[in-house]
Each structure stands twice: as structure tokens, then as C-alpha cells.
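Working notes for the structure below.
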Amino acid sequence: MALSASSSSIYGSISSSHSSITSHDLKGSLIGSFRLISPATASIRRRLTARAEIKRSDSVSPLAATAVVAPTAPVTSPEVVEKVDTEDYDKLAKELVNASPLEIIDRALAEFGNDIAIAFSGAEDVALIEYAKLTGRPFRVFSLDTGRLNPETYQFFDTVEKHYGIRIEYMFPDAVEVQALVRTKGLFSFYEDGHQECCRVRKVRPLRRALKGLRAWITGQRKDQSPGTRSEIPVVQVDPSFEGLDGGVGSLIKWNPVANVEGKDIWNFLRTMNVPVNSLHSKGYISIGCEPCTRPVLPGQHEREGRWWWEDAKAKECGLHKGNIKGGESAKVNGSGNGAVHTNGSANVPDIFNSQNLVTLTRTGIENLAKLENRKEPWLVVLYAPWCQFCQSMEGSYVELADKLADSGVKIGKFRADGDQKAYAQKELQLGSFPTILFFPKHSSRPIKYRSEKRDVDSLMSFVNALR
Ligand code: SF4
């Protein structure tokens, strides 16, 4: 997604540049600058030592390079990172074909440490950042500032930095090249002779510089963006176009953790997790790129119609984004609608969430669950108090969810967290108010808190599906 300018137009700069990379219009220049790597050739290359020796990229800001660290991040130890042959990536892609984005990003970050970064365009690929944060690992984010982005996108960058406590590693075009282009052809030459030249200066070359400082990158490409051209995107691959830090064929690995995720599920995830989104989405923009080259589209219009609309469709990057994406933000958790945690948990009220498909966890049971690094299956657990009216009001949907997920591989549980258990739940299980809903992923001990106040079956199901 991110790479196709158009396709993911939503992926604004990165996408666009990406698209530039893969599109026929820019390929010529890329081939001239780099070796275009065929999968067959790539598979021959063996090297790729993904050791996280902190070899700093000259292509990104050295300070910013370490800025993105999740507060509770279990910093990846360089010693535990495996050596991987590049031909293993075909095999790995098959192994991970049904893995969740969370699992894939966790794997990528664990393997490449400081030598990998997320390509962020300022659109819905913010989901990648949310997933990275959820892994608890340190991560890096870079973006291409073309100098021509919408003010809303710059504001969104700032919002994302503050929301996640990170610094985005911006890549800027070469000032001399921009100066030469603009002095020669003016500020809007792309309206007259096509966007390729400007994109090459403002996007492709800065992207190339960014990638030369890395051994791997994470994109937001999705299959559903363009069934014609992206239906075969693997979740991980040897980058077919660009070179990484060590240079040469096979020196860069590209991770596409949401390749198999549909756009609507990305947006469900963003809403469920209360992730900030670019305000342009609520103004009709699906594709978000540079301001002069992007416009909103009407419901039902192809997103490509919002990009480089003055050019022949064949000259554009191709992308398909189904659905009418809305950028609404979901309600904040811990608002007044939640039950405050208080001490009257010993009230004699009947228990709730009673179903044969629900597991009642004791204190020992949830302690054991919380300790496991590798669970056989993921768990969704509600921390509740039977006297809490907000717990009572979600009883029907939670029980229905448990019934729907019976035999699905996801366990549904409940833990009564009032009374004597309250202090433990507050300290160890993020209990702030009743009900608190936690997802325990298969491959991480850290539970992920459900932050929305929407507790209907569909919302809870979206949360589970986004993380399972
Ligand atoms: Fe490409 Fe238009 Fe941005 Fe220039 S302003 S880099 S032509 S999208």
C-alpha cells in the first residue's frame, strides 16, 4: 500500500514514492540508478546478517534514529537476533501468510532491531506505528517530506509524534535538485509535463537515501489496493528495487505486514484502538499525497481519481481502495461511561458472563496466563465486577462473542477483579475502570487493552481479528 502512490494514495508521500518505484513511469530512472533485482537473482544472494549491531544509517538522522522507543519496550538484544539467508524469505513469507500484522511486525522488529524502519506517509499507514507500539519493542519511523504536503498532513505528523512519543525521521529532497527544477520549470511543472520528474526529485531519491541506511523496511502495501498488481504481495520479501545499507542485491528486506489485511479492517483497527488519523480523510480524501496533486473524491469514485487527475490514467500509479473510508475517531476510553473501580465488590449480586464458552479465571489462572511468553492460543479476558452496571450492560455481547468464537482458536475468559483482586488487577493488568478488556496475544506476554467504549459484538470481534 504504501508504495503505490496511487494505490495507496492514502499513503501519501511514501506510497507515492513507492508507487513511483514500481510504476513504469519511474522505473526507468530507478533501473538507471540501481540494479533491478529479479526474485531469482535475489534468492541466490546469501548474506543478510540481520544482526542488530547498531550500525547507524547515514541516510537518516542519527539522533532521530533512536528516538522511537516504546515505554515498556523489551529492547531487542543483538545477540538473540538470528542470521538469516535471503532465500529464507520466500519460505518465511509462506510461514507467515496467516500471521497477524502484530506478529509479523514483532518478528521484523526482533530480527532487524535498529536497522529497520516503518515508512509512514501520513495516512492510514499509521496502523503500522500502532502495531509496532503494541509489540513493546523499540521502533523507527521515517517519512518523506516533499515540501508540498497539505497543512493537515504536517499537523498529523505532529499529532502522531506526540501521541506515540516518537520523532519521525523526515527525509527531505536535495535542495539543489529542487532549486534547479523549480528555477527551470516553475512550481507547477507537473501539471504540464507530468509528475514523474518532480516525484523523482522530491520522493524517489529521498526514499532511496533513506533505504540506503537500513537493512529492512516496513510498508503498508495491501493486496486489496490493486488486485491486478498487488495480489501476490508477500508479507516479507527481498526488496526487488532498492538497496540497503550493505548495498547490492538482497541487501534490503521489505516487510508488508498488512498485505493480507483489507482496508476496512485497517480502519476498524484504527477506530478500535483510538488511533489518530489525518483530518483530510474526513474531508473526502482517500488518497493523501502532495497538496497540488491530491484532491478529495466522492463516495464511489476510485481513489485514483483523486491523484494526478490531469494525466492519463495509464500514467498514474495504480491502486484500488475499496469502500468509503471515514476518518472518525472512536470514543475515548475511561470516559464517564465506565464504571469506576471501587471497593464494594463483595456485594451479593449474581455473577455475570455465564457461558460454557467462557473460561472463569482464578487469580492463579490469570497470573499464569499473564506470564506466558508463548501461548497456544490468544485470549480475550474481561476484568469485571458483577455489580458494575457497565459490565452488566455488555454481558449479552460478550457472551455472544464467546459463542461465536467457540472453537475458533481464540479463548474467551473473565476475571473478577473487584474486592481483594482489585489492587493486583490495577497494578498488573491495567485495570482503570470496569469493565477492562484485555487481549493476550499468542507470542507476547504483554496484554493489549481494548480502549473503545463500544462493546458490541462487531466492535469486539474487530478488535480480536485485528490482533489474533
Ligand atoms: Fe509528485 Fe506532485 Fe508531490 Fe511533485 S508535488 S512530488 S509531482 S506528488
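The values are calculated or read from the model by the stated rules, or taken from the named source; none is laboratory data. Keep in mind the model is a prediction, meaning the values are calculated, not measured. Heads up, the Cβs are rebuilt from the backbone with ideal geometry, glycines too, and the neighbour counts pull from every protein chain shown. Note: accessible area is taken over every heavy atom of the protein model, side chains too, but ligands, DNA and RNA are not part of it. Shrake-Rupley method; radii C 1.70, N 1.55, O 1.52, S 1.80 Å.
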* State the Cα centre-to-centre distance between the range 251-293 and the range 419-443 in whole Å. => 30 Å
* **Kirkwood Rh in Å, taken over the range 86-136 so that all alpha-carbon pairs contribute** => 11.9 Å
* If Ser100, Ser393 are ordered by their accessible area, calculated over protein heavy atoms with a 1.4 Å probe, which sequence runs from highest to lowest? -> Ser393, Ser100
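Looking only at the range 138-259, where both bridge partners belong to it, what percent of the DSSP beta bridges are antiparallel (to the nearest 5)? Before the final figure, lay out each step's value.
Numbers: 3 of 9 bridges.
Looking only at bridges with both residues in the range 138-259, the antiparallel portion is about 35 percent.
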* Lys283 paired with Arg375, simple spin-label distance in nm, labels 7 Å along Cα-to-beta-carbon -> 4.2 nm
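Taking Rh as the Kirkwood radius, which is the inverse of the mean 1/r over Cα pairs, what is the Rg/Rh value for the range 128-197? All intermediate terms of the calculation are to be shown ahead of the outcome.
Numbers: Rg = 16.2 Å, Rh = 14.5 Å.
Reported Rg/Rh, Kirkwood definition of Rh: 1.12.
Estimate the FRET efficiency between Glu262 and Ser445 by the formula 1/(1 + (r/R0)^6), using the beta-carbon distance for r and 25 Å for R0, to the nearest 0.05. Walk me through the numbers before you get to the answer.
Working: r = 29 Å, r/R0 = 1.16.
My answer for the efficiency is 0.30.
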* **Accessible area in the full protein assembly, largest first, 1.4 Å probe, for Met461, Met394** => Met461, Met394
* Quickly work out the Glu192-to-Asn98 label distance, labels modelled 7 Å from Cα along the C-beta direction, and quote it in nm with one decimal. => 5.7 nm
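How far, in nm, would the chain grow between Glu367 and Lys162 when pulled straight, counting 0.36 nm per residue and subtracting the alpha carbon separation? If you can, show how the numbers build up before the last one.
Working: separation 205, 0.36 × 205 = 73.80 nm, distance 3.29 nm.
Here the answer is 70.5 nm.
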* Taking the simple approach of a point 7 Å from Cα along Cα-to-Cβ for both Thr184 and Arg295, what is their distance in nm? -> 2.8 nm
